[in-house]
Amino acid sequence: MASAGRAVTLLGAGTQGRRLAFMWSRQGRPVHLVDKDQNQLDRAYEEIQKYQSTWTEQKPSKWGEVRTLPAESLEDAVSDSWLVLECVPEKLALKRETIQKMHDVSSPSTVIASNSSSYTIDEIIQGLDLKNTSRCVSLHSYWPPETSAIEVMGTPETPSHIIDKLMSECSAHGFSPFHVRKSSTGYIYNRIWAAIKRETLLTLSEGVATPAEIDGIFKDVLKTPKGPCEQMDVVGLDVVRDIEKHYADVRDGVPTEPRRLLDRYIAEKKLGVKSESGFYEWKDGRRVS
């Protein structure tokens with residue numbers, strides 16, 4: 001599974017896909033970014049070029065070439081790739097379909113990874129027609145490059161050399177890798193974040209405080225740059241709702257009020273930063289009210 005000179009292929013040219021493409025281009029190796037939407041690919045290419053031209057922190061001697069490719073070019077894209085990573089929306093059926101495609105067209109030595117924020121790789125590959133599940137892993141990142149944390153989680157079948165390789169390559173490409181040592185819904189950080197997020201939504205649903213008041217006291221006490229409502233707006237309230245639904249499916253006692261509150265915002269097309277309206281109003285990624 002030598003990776004020197006070989007590409008990384010990413011499926012999904014949304015926010016995470018394009019940011020990860022930038023990260024994986026930092027060692028001068030090629031990156032293939034695949035999506036069925038040409039407009040999405042065009043926007044992604046422009047954003048990646050902007051990242052590369054303006055990046056000053058530990059600037060590499062040479063950026064890797066990022067190729068944007070249509071979905072029908074997937075087989076060509078993965079032919080020279082040591083790692084194939086899905087960054088599609090947080091829908092289990094879609095992730096399963098994507099992982100199956102990645103498996104079918106890649107070589108037996110290629111690592112197949114999911115960037116899912118809530119589903120474990122065990123859940124995603126359940127019931128799929130995979131000849132070799134030992135090369136399937138979870139590789140979950142947050143908001144690169146601003147947040148460099150990335151979680152590496154295998155299955156009971158994943159050999160240690162794959163985990164070691166991912167930890168090493170992630171570190172070399174500017175990530176801060178953390179090994180999730182057992183299968184865990186929500187990985188490490190998101191399990192803790194889920195409790196904060198859920199209690200925030202409950203507090204809002206009960207009318208105890210406004211988003212600004214909750215964020216204000218949170219930042220005052222913990223000295224964090226963003227409060228939980230701001231952070232949920234950045235993630236996307238629709239994504240937060242989907243994750244909450246998954247937690248409710250796999251764990252007993254998850255309250256319904258947070259999902260109901262999120263459903264109301266989503267029905268009003270208030271999704272957060274990407275719709276420029278959520279708990280707050282946003283413009284060009286900046287909070288305006």
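The values are calculated or read from the model by the stated rules, or taken from the named source; none is laboratory data. Here the structure is a predicted model, which is why all the values come from computation and not from measurement. Using ideal geometry, Cβ is built from the backbone for each residue, glycine included, and neighbour counts are taken over all protein chains shown. Note: areas computed on protein heavy atoms with side chains; ligands, DNA, RNA excluded. Shrake-Rupley method; radii C 1.70, N 1.55, O 1.52, S 1.80 Å.
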Handout entry: Matching residues, the range 95-117, being open to solvent by 50 Å² or more (accessible area, probe 1.4 Å) and closer than 15 Å to L166 by Cβ
Key = S109
Completion exercise
Log entry, pairs with first residue in the range 167-183 being among the small types (G, A, S), second being in a helix (DSSP H, G or I), beta carbons closer than 9 Å, six or more apart or on different chains, reads G174/M23; S176/C170; S183/I121; S183/D122; S183/E123
Fill in the blank from the handout: When restricted to L271, L261, the only residue open to solvent by less than 50 Å² (accessible area, probe 1.4 Å), under 22 Å from K226 (Cα atoms), assigned by the TED database to the domain that holds D215 and under 21 Å from the mean Cα position of the chain (by Cα) is L271
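Residue by residue, here is whether (1) in contact (Cβ under 8 Å) with a residue 24 or more places away in the chain; (2) in contact with a helix residue (DSSP H, G or I) (Cβ under 7 Å, 6 or more places away or on another chain) holds:
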| position | (1), (2) |
| --- | --- |
| Y187 | yes, no |
| N190 | yes, no |
| A194 | yes, yes |
| E213 | no, no |
| F218 | no, yes |
| V221 | no, no |
| P225 | no, no |
| C229 | yes, yes |
| V235 | yes, no |
Problem - Which listed residue, of K131, K182, K165, K101, is over 17 Å from the mean Cα position of the chain (by Cα), under 22 Å from A248 (Cβ atoms) and of a type in the set (K, R) - result: K182
Problem - Of all residues in the range 245-256 being part of a helix (DSSP H, G or I) and in contact with a Lys or Arg (Cβ under 9 Å, 6 or more places away or on another chain), the one that is least open to solvent (accessible area, probe 1.4 Å) - result: Y247
